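Novice: Quick one: the structure is below, and I'll ask about it shortly.
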Amino acid sequence: MISCKQLDKIKDKEKNKVRCKKWYQENKERVKEWYWENREKIRKYKKEYFRKNLKSFSERLKKWRHKKGISKKYNSEIGISYTKEYKKLHEQKRSALEKSGGLLTIETIQLVYEDNIKRYGTLTCYLCLQSIKFGKDSLEHKIPLVKGGTNEYCNLAIACISCNSKKHDRTEKEYRKIMKKSKEMEVI
Ligand SMILES: [Zn+2]
């Protein structure tokens, strides 16, 4: 329940907001002018303010991450977390994507594996052409579902885990281009 006092406060806040907005609309040009005149000062002040409050900012960020369920084992580089909430979201997203890419059937997967072995003699990564040890294989989408790829046979291939994670959500073409470039750099 909200008390009368609290309600008044909220009302005041709302009124203030409207007033501020109106004032801003009327004085837009003046504010802009003031900003450009004092730009360096403002920047300095902001920097200083941020530096002084760094601790509380990081605390707030921590709390926010915790709230969103991405605080544990949070990988700041790629933004992947292993919490239950995150996994659930990820699964939901994945299944939605799978639906949009058509159903992935066991028969199709089997066919992809069989054809890979028929072609190379042993289970082989279609990207680095190295044979894959048992359990280190992954089903790969040449054009990722995120980029409009489908779950059809022609869009599927077997890759090693290393290539799969390096390729991430790039298309086969994009990945091969990057690999070519990095190989050229190695030669130099
Ligand atoms: Zn590979």
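Novice: Being of a type in the set (Phe, Trp, Tyr) and at pLDDT 95 or above narrows it down to one of 120, 126, 153, 113, so name that one.
Specialist: When all the criteria are applied, what remains is 126.
Novice: Return the pairs, sorted by first residue and then second, in which the second residue is of a type in the set (Val, Ile, Thr) and near the ligand (Cβ under 8 Å from one of its atoms), the first residue lies in the range 123-135 and is free of Cβ contacts under 8 Å to residues at least 60 places away in the same chain, the beta carbons are less than 6 Å apart, and the residues are 6+ apart or on different chains.
Specialist: 123/132; 125/132
Novice: Being farther than 21 Å from residue 94 by Cα and exposed (fewer than 13 other Cβ atoms within 10 Å of the Cβ) narrows it down to one residue among 119, 176; which is it?
Specialist: Of 119, 176, the one residue that is farther than 21 Å from residue 94 by Cα and exposed (fewer than 13 other Cβ atoms within 10 Å of the Cβ) is 119.
Novice: Every residue in the range 140-163 that is under 19 Å from residue 114 (Cα atoms) and under 21 Å from the mean Cα position of the chain (by Cα), please.
Specialist: Hits for the range 140-163 are 140, 141, 142, 161.
The values are calculated or read from the model by the stated rules, or taken from the named source; none is laboratory data. Keep in mind it's a predicted model, so treat the numbers as computed, not measured. Backbone-built Cβ (ideal geometry, glycine too); neighbour counts: all protein chains shown.
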